[in-house]
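J.: Let me begin by handing over the structure; questions about it come next.
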Amino acid sequence: MTCALREMRWWDIDSVLELERDLFPEDAWSRGMFWSELAHARGPGANRRYVVAESASGIVGYAGLVATGEQADVQTIAVSRALWGTGLGARLLAELLRAATAFECAEVMLECRVDNVRAQKLYERFGFEPIGFRRGYYQPGNVDALVMRLTAPENSVQGTEING
């Protein structure tokens with residue numbers, strides 16, 4: 001399946017919310033959270049990058065990053081269950097790392113559920129390293145988050161093979 005990556009816009013929020021609620025039923029973002037993030041993704045003071053992956057059937061993935069000074073934080077990455085294992089998550093992550101480089105960030109941070117081993121392996125492929133935990137970070141399920149960090153994101157994207 002061919003997917004195009006493009007900037008997320010306000011008219012994508014309904015489709016993104018459907019995917020969000022399917023993938024993260026306990027701690028799904030709200031419509032307002034997406035609106036707030038997109039409000040900071042355009043214009044001269046923009047410090048966020050949100051993208052969607054779109055196929056002929058609609059939006060099948062999305063990802064977002066916020067940059068503050070020399071640090072960027074991956075806010076979210078999601079891929080439709082039907083496309084798990086296709087490389088789409090890697091394409092989305094690579095796009096966020098390109099954005100971090102464009103924002104001139106020296107490091108990228110993220111939190112990942114401790115029980116999401118598949119995502120952790122993806123992040124490790126890009127050079128992220130575990131640096132700690134946040135106890136009870138994901139609510140209401142009270143699931144811990146693994147905190148991961150990548151230094152020099154510009155080097156990570158260059159050496160990573162991206163399929164799809």
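J.: Kindly provide the set of residues from the range 72-90 that are part of a loop (DSSP other than H, G, I, E, B) and either modelled with pLDDT of 95 or more or under 22 Å from ARG42 (Cα atoms) (or both), ordered by number. Write out each step before concluding.
T.: Our first condition is that a residue be part of a loop (DSSP other than H, G, I, E, B); within the range 72-90, this holds for 80, 84-87.
Hit for the range 72-90 is SER80, nothing else.
J.: Across the range 56-87, what is the number of residues that are in contact with a Gly (Cβ under 9 Å, 6 or more places away or on another chain) and of a type outside the set (A, V, I, L, M)? Step through it out loud before you land on a result.
T.: Residues of the range 56-87 in contact with a Gly (Cβ under 9 Å, 6 or more places away or on another chain): 61, 63, 74-80, 83, 86-87.
Remaining after also requiring of a type outside the set (A, V, I, L, M): 61, 75-76, 80, 86-87.
Number of matching residues: 6.
J.: Can I ask one more? Take the residues in the range 125-153 that are touching a residue at least 24 places away in the same chain (Cβ under 8 Å) and among the charged types (D, E, K, R), then tell me which one is surrounded by the fewest Cβ atoms within 10 Å (Cβ to Cβ).
T.: Across the range 125-153, the extreme among qualifying residues is ARG125.
J.: Follow-up. For the range 101-136, which positions are touching a Pro at 6+ places or on another chain (Cβ under 7 Å) and either more than 18 Å from MET148 (Cβ to Cβ) or at pLDDT 95 or above (or both)?
T.: Result: VAL108, single match.
J.: For a quick check of your reading of the model, give me the residue pairs whose first member lies in the range 1-20 and is at negative phi, whose second is assigned to a helix (DSSP H, G or I) and of a type in the set (D, E, K, R), with beta-carbon atoms closer than 8 Å and at least 6 apart or on different chains.
T.: CYS3/ARG91; LEU5/ARG91; LEU5/GLU95; ILE13/ARG31; LEU17/ARG31
J.: Here is a follow-up. Please identify the pairs in which a residue from the range 98-119 that is farther than 12 Å from THR68 by Cα has its Cβ atom under 6 Å from the Cβ atom of a residue that is among the acidic types (Asp, Glu) and open to solvent by 50 Å² or more (accessible area, probe 1.4 Å), counting only partners at least 6 apart or on another chain.
T.: THR101/GLU154
J.: Further question on the same structure: Could you grab me the full set of residues in the range 1-18 that are open to solvent by less than 20 Å² (accessible area, probe 1.4 Å) and within 13 Å of LEU92 (Cβ to Cβ)?
T.: CYS3, MET8, VAL16
J.: Output yes when any residue across the range 32-49 is more than 17 Å from ARG9 (Cα to Cα), surrounded by fewer than 22 Cβ atoms within 10 Å (Cβ to Cβ) and of a type in the set (Ser, Thr, Tyr), and no when none is.
T.: no
J.: Name the residues in the range 50-59 that are open to solvent by less than 10 Å² (accessible area, probe 1.4 Å) and of a type in the set (A, V, I, L, M), would you?
T.: Taking the range 50-59 as the starting set, the residues that turn out to be open to solvent by less than 10 Å² (accessible area, probe 1.4 Å) are 50-53.
Across the range 50-59, the qualifying residues are VAL51, VAL52, ALA53.
J.: Can you pull out the residues in the range 91-146 that are under 24 Å from ASN47 (Cα atoms) and either in a loop (DSSP other than H, G, I, E, B) or of a type in the set (Lys, Arg) (or both)?
T.: Of everything in the range 91-146, those that are under 24 Å from ASN47 (Cα atoms) and either in a loop (DSSP other than H, G, I, E, B) or of a type in the set (Lys, Arg) (or both) turn out to be ARG91, ARG98, PHE103, GLU104, CYS105, ALA106, PHE126, GLY127, PHE128.
The values are calculated or read from the model by the stated rules, or taken from the named source; none is laboratory data. Since this is a predicted model, take the numbers as computed values, not measurements. Virtual Cβ from ideal backbone geometry, glycine too; neighbours counted across all protein chains shown. The area values use the complete protein model at the heavy-atom level, side chains included, leaving out ligands, DNA and RNA. Shrake-Rupley method; radii C 1.70, N 1.55, O 1.52, S 1.80 Å.
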